[in-house]
Amino acid sequence: MKTIHAWLKKTGMPATRLGLLACANPHAVTRIRNGTARVETLYAVLRYIRHRTAVARSVGERQNDHAAM
């Protein structure tokens, strides 16, 4: 839950939007919070966060490479 909470705080994204993007379920994060989500739902949300974090890092590295030129 710490990872999800930190992601939502950092991005300003509503929990329902994260659920929709991660697993097409606007209630996913609420269900994770209250313990009624399936394990697959939790994994889908965490996988989405990891993927978006990796993409953001990659884009940032490319921008830094271009700025150094």
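If you go through segment 24-41 and pick out every residue that is assigned to a helix (DSSP H, G or I), open to solvent by 60 Å² or more (accessible area, probe 1.4 Å) and without any contact (Cβ under 8 Å) to a residue 24 or more places away in the chain, you end up with 5. Residues of segment 1-23 that are outside any helix (DSSP H, G or I), aliphatic (A, V, I, L, M) and either open to solvent by less than 80 Å² (accessible area, probe 1.4 Å) or in contact with a Gly (Cβ under 9 Å, 6 or more places away or on another chain) (or both): 13 alone.
Any chance segment 50-63 includes a residue that's modelled with pLDDT of 95 or more and touching a Ser or Thr at 6+ places or on another chain (Cβ under 8 Å)? Among the residues of segment 50-63, not one is modelled with pLDDT of 95 or more and touching a Ser or Thr at 6+ places or on another chain (Cβ under 8 Å), which makes the answer no.
The values are calculated or read from the model by the stated rules, or taken from the named source; none is laboratory data. From a predicted model like this one, the values you see are computed outputs, not experimental measurements. Don't worry about glycine lacking a Cβ; one is built from the backbone with ideal geometry, like all the others, and counts go over all protein chains shown. In case anyone asks, the SASA skips ligands and DNA or RNA and just uses the protein heavy atoms, side chains included. Shrake-Rupley method; radii C 1.70, N 1.55, O 1.52, S 1.80 Å.
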